[in-house]
1. For LEU22, LEU56, LEU117, which order do you get if you count the other beta carbons within 10 Å of each Cβ and list the fewest first?
2. Once the Cα atoms of helix 104-132 and of the chain are each reduced to a long axis, what angle between those two axes, in degrees from 0 to 90 to the nearest 10, is obtained?
3. Can you work out the FRET efficiency for the pair SER6 and ALA93, with r the C-beta to C-beta distance and R0 = 30 Å, to the nearest 0.05?
4. In degrees between 0 and 90, to the nearest 10, how far off the longest principal axis of the chain does helix 46-63 point, with axes built from Cα atoms?
5. For the chain, what is the calculated [θ] at 222 nm in deg cm²/dmol (nearest 500), taking -39500 (n - 2.57) for each run of four or more DSSP H residues and dividing by its residue count?
6. To the nearest 10 degrees, how steep is helix 134-154 against the longest Cα principal axis of the chain, on a 0 to 90 scale?
7. Just to be sure I understand: if I project the alpha-carbon convex hull of region 4-166 onto a plane and average over all orientations, what area do I get in nm²?
8. Tell me whether region 1-64 comes out rounded, prolate or oblate; compute the Cα gyration tensor, take square roots of the eigenvalues as a ≥ b ≥ c, and use a/c under 1.5 as the rounded threshold.
Amino acid sequence: MVSTYSLHVKALGFTDKTYGALLSCNGVLIVLCELPLTSLTQRFAPRRVIATGYLLLGAGFATNAFAHTVPALVGSMMIFTLGEMIHAPVTTAYVAGLAPAHLRGRYMGALSFSGALAFIIAPGLGMSLFRYNPTLLWLGCGLLGLLAALVLVTDRERSPAILATRT
């Protein structure tokens, strides 16, 4: 999103203004919808909510492979943003809830570090893959979103209820 999306929009022949408007769409949706959406999603099992968010993130990225018009790009951005708004607040709360009180800082640090590491590694990989085959990049991102969701809904080993029964 932070490196190749602008290249994608420009490769389709759109201007910097179009790219800026698409990013603004993301920001406006977050400002208007994230808090109401968070109050709704907190009623559901966190792992399923996070998995749903990852699926939507992946779907938003994957649809960029086929988005060649501004309305299609807006639709892709809306799907991506919905996934972002669904998973982000719940992920943070879920990780904090997994941590024993005396290790909460370490858990949150590990979560932040993994995100920072992704911001270091992913842009270079994404740009290389975009140069090779843009469609493969977007579909690969979709596949990663699907895999992340599958890990969350199929890995019962680390669920809080099981962790509690082990201790």
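What follows is calculated from the coordinates using simple rules that are stated; it is not laboratory data. Treat the numbers as computed from the prediction; the structure is a model and nothing was measured. Using ideal geometry, Cβ is built from the backbone for each residue, glycine included, and neighbour counts are taken over all protein chains shown.
1. Fewest to most other Cβ atoms nearby, the residues stand as LEU117, LEU22, LEU56.
2. 20 degrees
3. My answer for the efficiency is 0.45.
4. Compared with the principal axis, the helix lies near 10 degrees.
5. -28500 deg cm²/dmol
6. Taking the Cα atoms of the chain, the angle to 134-154 is about 20 degrees.
7. Result: 10.3 nm².
8. oblate
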